[in-house]
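Derivation of every value follows stated rules applied to the coordinates shown; laboratory data play no part. Every value quoted in this text rests on a predicted model; they were computed, and no experiment measured them. For neighbour counting, all protein chains shown are included, and Cβ atoms are generated from backbone atoms with ideal geometry for every residue, glycine included.
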Amino acid sequence: MAAKHELLDHTGDVGLRIWADTLPELFAEAAHGMFELMLEDLSAVRPIHRREVLVRGSDLEELFVNWLSELNFLFSTEGELFSRFRIHEVTEQRVKAQVAGERLDPLRHEIRLEIKAVTFHNLYVGPARDESDGWEAQVIFDI
């Protein structure tokens, strides 16, 4: 199975369901999906600036929320948009990654929606629930 994601309908908010063969691919696909929700055209974000990101959590679900929250924080505070996500390591309590992108350029990047928070509401991160091999996640964003 290739990594993929789909939009979830959720009253007043927006969510994603993500599938991948491996846990690192799941984290990368979730980040990709989040920025795809935020922007009209994610392909307009050139991967010219790289940043190392290290995030910790007490368990896999908290780690997942903290990972997406950190990337959203970098966008909100630094105006950084990311289009490439290379996960070097994922354990139950930490993710180490390199992300690549560029600063927001209002002439080239159209913001579709702003994410206020990554929530724990209806959160799932674990083995694929359809009993296939691989991983699945579900996350709701407060917009």
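Going by neighbour counts of Cβ atoms within 10 Å, the residues F120, F27, F141 line up, fewest first, as F120, F141, F27.
Between the C-alpha center of region 123-143 and that of region 48-106 there is a gap of 18 Å. The angle between the Cα long axis of helix 60-78 and the longest principal axis of the Cα atoms of the chain comes to about 0 degrees, rounded to the nearest 10. As a rough footprinting exposure proxy, the listed residues D9, D41 were ranked by other beta carbons within 10 Å of their own, and the order from fewest upward is D9, D41.
What is the angle, in °, between the Cα long axis of helix 23-38 and the longest principal axis of the Cα atoms in the chain? Nearest 10 is fine, range 0 to 90. Relative to the chain, helix 23-38 is tipped by roughly 40 degrees. Full extension of the segment from A128 to I48, taken as 0.36 nm per residue of separation minus the current Cα-Cα distance, would add 25.4 nm.
In the chain, one over the average inverse separation of all distinct C-alpha pairs is 15.1 Å, which is the Kirkwood hydrodynamic radius. Helical runs (DSSP H, four residues minimum) scored at -39500 (n - 2.57) apiece and divided by the length of the chain put the mean residue ellipticity at 222 nm at -8000 deg cm²/dmol. Stretching A117 away from R84 to a fully extended chain increases their span by 9.8 nm, per 0.36 nm per residue minus the current alpha-carbon distance. A simple spin-label model places pseudo-atoms 7 Å from Cα toward Cβ; at L7 and R108 they are separated by 2.5 nm.
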